[in-house]
1. Over all alpha-carbon pairs of segment 127-278, lay out the pair-distance distribution in 10 Å bins, whole %, shortest bin first.
2. Kirkwood Rh, segment 122-165, all Cα pairs: how many Å?
3. Place +1 on the Cβ of every Lys and Arg and -1 on the Cβ of every Asp and Glu in the chain, take the dipole about the Cα centre, and give the residue among Thr35, His162, Thr139 whose Cα lies farthest towards its positive end.
4. What does the net charge come to around Asn149 if you take all other residues with beta carbon closer than 10 Å to its beta carbon, with K and R at +1 and D and E at -1?
5. Percentage of Cα-Cα pair distances in segment 242-301 greater than 15 Å, rounded to whole percent?
6. Summarise the long-distance tail of P(r) for the chain by giving the % of C-alpha pairs beyond 37 Å.
7. For segment 90-152, what class follows from the C-alpha gyration tensor (a ≥ b ≥ c being the square roots of its eigenvalues): rounded when a/c is under 1.5, otherwise prolate if a/b is larger than b/c, else oblate?
8. What length, rounded to one decimal in nm, is gained on full extension from Thr268 through to Thr31, with 0.36 nm per residue of separation minus their alpha-carbon distance?
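Values in this text are rule-based calculations from the coordinates and carry no lab data. The shown structure was predicted, so the numbers you read here are calculated from the model rather than taken from an experiment. Note: ideal-geometry Cβ built from the backbone for every residue, glycine included; neighbour counts use all protein chains shown.
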Amino acid sequence: MSKPLLAGIEAGGTKFVCAVAYSPVDIIRETRFPTASPKETMTRAYEFFRDCERELGPITSLGIGSFGPVDLDPASPACGHITSTPKLQWADTDIVGFFKKRMNVPVGFDTDTNAAALGEGRYGAGRDCDTFLYLTIGTGIGGGVVVDNRALHGLVHPEVGHIRVVPRRDDTFAGTCPFHGTCLEGMAAGPAIQQRWGKPGIELPEDHPAWDLEAWYLAQGLAAMVLTLSPQRIIMGGGVMHQSQIFPAMRGYLKEFLGGYVDRPEITEEQEDYIVFPERENQAGITGALLLAEDVAGKGK
Ligand code: ZN
């Protein structure tokens, strides 16, 4: 019997990554293209898989890690849909249904950040943890939560980027989140940095006050997440975290905000191993999507 051929889609708000592989870390063909209208983008992905099948034989299963919010509830009629996304063209798009109908294979589905968390968990910075957080700080703030080696869903799925934060006394910025104003994303994602300081973060010097303020907000969010989810590690990637000077300041503020209450050396002494940059930064999402495909391979359609 031939080896199952896995297909994966990392469906991001700005770009799609599609790949086929026999193992999640051994990609045979990969393509990346910008996210356009749902029909155009999904058709392009489908055509890529069809070309791969011509060359490699039939695909056995598909995994999709999608931007959201998405409906993951198997009992819901909208399961497999992108739902109330601010990317209006994509609101109420049945992304799983589109591929299931055309490819006739089992489809595994989760959020893009949960997929990336699974990828980092199996093959990256979370490999020695069973309960950890994966955060991405870029044009938004997204978070995947893995508990006992499974992506946490619950009622919907965690949206840790929208935790409410208290504005710092010297910061009068109103926040960018259309839902909450001054939530973590509204105060600390890339667009908030750009609007508050009048230029994108990448143009601000390393010692600009923006970075200490950024560390302060991120640490507030992290304190809430440490207290509620008790992660064994926090993996933080995305464009903003390339400013590596944020890390030491953020670790200091996290310790301060927790006030000695979580009395573990990971918090009080060894935060360099506790809050880390991803190991598979640009590949974590597609690796996770292929893991979702592996998970449903051989299961019913
Ligand atoms: Zn928000």
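1. The distribution over segment 127-278 is 11, 43, 35, 10, 0, given as percents.
2. On the way: mean 1/r = 0.0877 Å⁻¹.
Over segment 122-165, the inverse of the mean reciprocal pair distance is 11.4 Å.
3. The residue sitting most towards the positive pole is Thr35.
4. 0
5. 64
6. Value for the chain (Cα pairs over 37 Å): 16 percent.
7. Since a/c reaches 1.5 but b/c is at least a/b, the shape of segment 90-152 is classed as oblate.
8. Extra length available between Thr268 and Thr31 comes to 81.0 nm.
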